[in-house]
Amino acid sequence: MRREGTAPPGCQRAKESRAGSGADPSGRAAADPDAGLCAITQFDCAILKESFAYIEPLAEKAVAYFYARLFVASPELRSMFPLAMDVQRKCFVAALARTVWSMDDPKALAEYLRSLALDHRKFGVRESHYQLVGETLLATLRKFSGGRWTPRVQSAWQAAFNRVATIMIQAARDAEDEPAWWLGEVVSHERRRRDLAVLTIRTDPAQPLRYRPGQYLNVQVTRWPGVWRKYSIANAPRPDGSVDLHVRAVPAGRVSRALVRETWPGDTVVLGPALGTMIVDDGSARDLLCVAGGTGLAPIKAIIEGLADATGPRPARSIRLFLGARRREDLYDLPDLWRLEAACSSLRVIPALSHEPGFAGLRGMLPDVVRRHGRWHDSEIFVSGPPVMVRRTVRMLAHRTAGEHIHFDPPDALDAG
């Protein structure tokens, strides 16, 4: 279990001075959850989006410059990151883009930044780091702005970063009593296919890893210290605190290959906090449409298990699960789903194959299958799977129901590296 002042195995916590850590970079007290939030105007948001749109095509060079400058200014921060920075750079660009485009939606922005702050705790991020990161970010944006950096642009970005730092610092403070990471023991490892395994991992019940069905977490293996990859939890919470992960090994995927091919019962992994907003509203009475492709089944299965649990009062809701794969052997979890269907009278499991002409069931690409078999205008919709499938399905369903009823993690939220 985590102790104050320690970092996960393989990650050294950077040394820092505690001086000045009681305030955010704007000089406002970070304990005030509203500090800095009124500094962003619609005009500022427009400036941010315009300047970021210019810089985004140069993102690869810009983020390399950002980290080089950051590590020169504070070499001890280098130990908080993996040796290979390719995935980290992509994550940084994705997070910055999402922040910029959410800046005029305070609720969505705050929700995203709070989860980001909780996740960053596992790296040993401290309050005093934010000022250096902010200074380095603004210097990077100025360098790659192509002469478009004006005092007004500088002011907008400074205000935006103050807002980001304030929210993230406060979120980390609110979570101080929770572990930043958990040690988990692999208690079961089942190879469902040559490149796919289902793992069951148990944490210490004395410090349970709390989550809601549909969320995901970061995983680190001992072979690759400092390298984290995201995987959805495939079950509803259990009394023993164990979680299932569905992992497909991908070419050059260091963590996924280790989990599928080099991990055995008794091995230890490190788990980050639960993240993600693909969560069911228990108060809603809308029926559910679930669309899952490949290992995107994992969060959908957790959601269905949670709804099938009859221990709490819930409105009766029918559940339709469209499960897509290329061929019959790719339906790696179908026996478990049939058992779940038998135990849950409101659930119907509907497999669909795209590359097996002789299949007696539904055939075709998953978005097309879903489109042909219902209107879905009165359903709560959950979509998970390969990014292309998710995008196509969401785009198709957006013409049939309001966006607030379509739930999915951004295609870049999960990776299988």
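The values are calculated or read from the model by the stated rules, or taken from the named source; none is laboratory data. If you're wondering where the values come from, they're calculated on a predicted model, not measured in any experiment. We place every Cβ from the backbone using ideal geometry, glycine too, and count neighbours over all the protein chains shown.
Applying the criterion of being assigned to a loop (DSSP other than H, G, I, E, B) and of a type in the set (Asp, Glu) to the residues of the stretch 223-270, the residue that is modelled with the lowest pLDDT is Asp240. For the stretch 332-344, filtered to residues that are surrounded by 20 or more Cβ atoms within 10 Å (Cβ to Cβ) and not acidic (Asp, Glu), the residue that is nearest to Val370 (Cα to Cα) is Leu337. Condition check: surrounded by 16 or more Cβ atoms within 10 Å (Cβ to Cβ), of a type outside the set (Asp, Glu), assigned by TED's automatic domain parsing to the domain that holds Val72 and in contact (Cβ under 8 Å) with a residue 60 or more places away in the chain. Does Leu96 satisfy that? The answer is no for Leu96. Would you confirm whether or not the stretch 257-265 contains a residue that is crowded, with 22+ Cβ neighbours inside 10 Å and among the aromatic types (Phe, Trp, Tyr)? Scanning the stretch 257-265 turns up no residue that is crowded, with 22+ Cβ neighbours inside 10 Å and among the aromatic types (Phe, Trp, Tyr).
Each residue in the stretch 212-222 was checked for being surrounded by 20 or more Cβ atoms within 10 Å (Cβ to Cβ) and part of a loop (DSSP other than H, G, I, E, B), and 3 of them qualify. Residues being aliphatic (A, V, I, L, M), in a helix (DSSP H, G or I), at pLDDT below 95 and assigned by TED's automatic domain parsing to the domain that holds Met365 are represented in the stretch 305-317 by at least one member. In the set Arg248, Arg254, only one residue is in contact (Cβ under 8 Å) with a residue 60 or more places away in the chain and touching a helix residue (DSSP H, G or I) at 6+ places or on another chain (Cβ under 6 Å); that residue is Arg248. Among residues that are assigned to a helix (DSSP H, G or I), in contact (Cβ under 8 Å) with a residue 40 or more places away in the chain and under 27 Å from Thr277 (Cα atoms), Arg126 is not included. When Val133, Val87, Val100, Val93 are checked against the criterion of being modelled with pLDDT under 90 and closer than 23 Å to Lys61 by Cα, Val87 stands alone in meeting it. With respect to (1) surrounded by 15 or more Cβ atoms within 10 Å (Cβ to Cβ); (2) under 20 Å from Gly214 (Cα atoms); (3) under 23 Å from the mean Cα position of the chain (by Cα), the lone exception for Arg392 is condition (2). Is there a residue being surrounded by 19 or more Cβ atoms within 10 Å (Cβ to Cβ) and outside any helix (DSSP H, G or I) anywhere in the stretch 160-174? Among the residues of the stretch 160-174, not one is surrounded by 19 or more Cβ atoms within 10 Å (Cβ to Cβ) and outside any helix (DSSP H, G or I), which makes the answer no.
In the stretch 39-53, the residues that are at pLDDT 90 or above reach residues that are not in a helix (DSSP H, G or I) with C-beta atoms within less than 8 angstrom, at least six apart or across chains, in these pairs: Asp44/Met103; Cys45/Met103; Cys45/Asp104; Leu48/Met103; Lys49/Met103; Ser51/Ser145; Ser51/Arg148; Ser51/Trp149. For the stretch 365-384, the set of residues classified as assigned to a helix (DSSP H, G or I) and either in contact with a helix residue (DSSP H, G or I) (Cβ under 8 Å, 6 or more places away or on another chain) or not assigned by TED's automatic domain parsing to the domain that holds Ala325 (or both) consists of Leu366, Pro367, Val370, Arg371, listed by residue number. Scanning the stretch 38-63 for residues that are within 22 Å of Ala117 (Cα to Cα) and either surrounded by fewer than 18 Cβ atoms within 10 Å (Cβ to Cβ) or of a type in the set (Asp, Glu) (or both) returns Cys38, Ala39. For the stretch 345-363, check the following and say yes or no: at least one residue is aliphatic (A, V, I, L, M) and modelled with pLDDT under 95. Within the stretch 345-363, one or more residues are aliphatic (A, V, I, L, M) and modelled with pLDDT under 95.
Provide a single number: the residues in the stretch 286-304 that are in a helix (DSSP H, G or I), buried (at least 24 other Cβ atoms within 10 Å of the Cβ) and not polar (S, T, N, Q). Reasoning before the result, please.
Residues of the stretch 286-304 that are in a helix (DSSP H, G or I), as a first pass: 294-304.
With buried (at least 24 other Cβ atoms within 10 Å of the Cβ) added as a condition, the list becomes 295-304.
Filter once more, so that each one left must be not polar (S, T, N, Q): 296-304.
Here the count works out to 9.
Run Val370 past the list (1) in contact (Cβ under 8 Å) with a residue 40 or more places away in the chain; (2) closer than 30 Å to Arg238 by Cα and report the number of the one that doesn't hold. Here Val370 clears every test but (2).
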